[in-house]
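Contents: one structure, followed by commentary.
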Amino acid sequence: SLDRAYGSVTTAGDPLAVGTRLRRGATLVTAADSGALLRYSPALTLRLDAGTRVTLADADSLRLEDGRVYVAISPGAAVSYVVHTAAGDVRHVGTRFVVSTRGIGLDVAVRDGAVQVEAGSRAERAEAGEVLHIAADGSVEYERDV
């Protein structure tokens, strides 16, 4: 459900009201000065940053088309969640993390725990305090102390 919102948050061009139950297949868009908090369960929330476009694939995943999503999963929760992007899929390994994409590239900043990023036939892992950058050409770079 849409737990909180500021500014313009729409689906299919229609504004969304706080409390709206979201369905699989819905595409949500936040305007350049807007954001939203989605609550999947008591253990899983997602924050959509300004200028973000996502499609809710199912109860366990979404497709990030553009923008940034902050995923918060309570430590120890038995929750499986995947953020799909054009550059690869980001799976949580008990964590809080941010996934950003603009075009083909992908950035994943890990706050707690770890994530696994599956990009084509290879997998990369990022730990707490790391940022993983995957460029459009597939090159990978890590940054510490985020």
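Tabulated results
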read-out	value
Matching entry among Asp33, Asp58 (being charged (D, E, K, R), within 24 Å of Ala114 (Cβ to Cβ) and in contact (Cβ under 8 Å) with a residue 12 or more places away in the chain)	Asp58
Boolean, Ala57 is farther than 22 Å from Thr20 by Cα, part of a strand (DSSP E or B) and within 15 Å of the chain's Cα centre (by Cα)	no
In region 101-119, residue nearest to Ala87 (Cα to Cα) [restricted to those that are touching a Gly at 6+ places or on another chain (Cβ under 7 Å) and surrounded by fewer than 17 Cβ atoms within 10 Å (Cβ to Cβ)]	Glu118
Val131 being aliphatic (A, V, I, L, M), in a strand (DSSP E or B) and within 12 Å of the chain's Cα centre (by Cα)	no
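Residue by residue, here is whether (1) farther than 27 Å from Ala31 by Cα; (2) in a strand (DSSP E or B); (3) in contact (Cβ under 8 Å) with a residue 60 or more places away in the chain holds:
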residue	(1), (2), (3)
Val71	no, yes, no
Gly76	yes, no, no
Val79	yes, no, no
Val93	yes, yes, no
Ser100	no, yes, no
Ile104	no, no, no
Val108	no, yes, no
Asp112	yes, yes, no
Ala126	yes, yes, no
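Computed from the coordinates by the stated procedures, all read-outs in this text should not be read as laboratory data. None of these values were measured; they are calculated from a predicted model. Don't worry about glycine lacking a Cβ; one is built from the backbone with ideal geometry, like all the others, and counts go over all protein chains shown.
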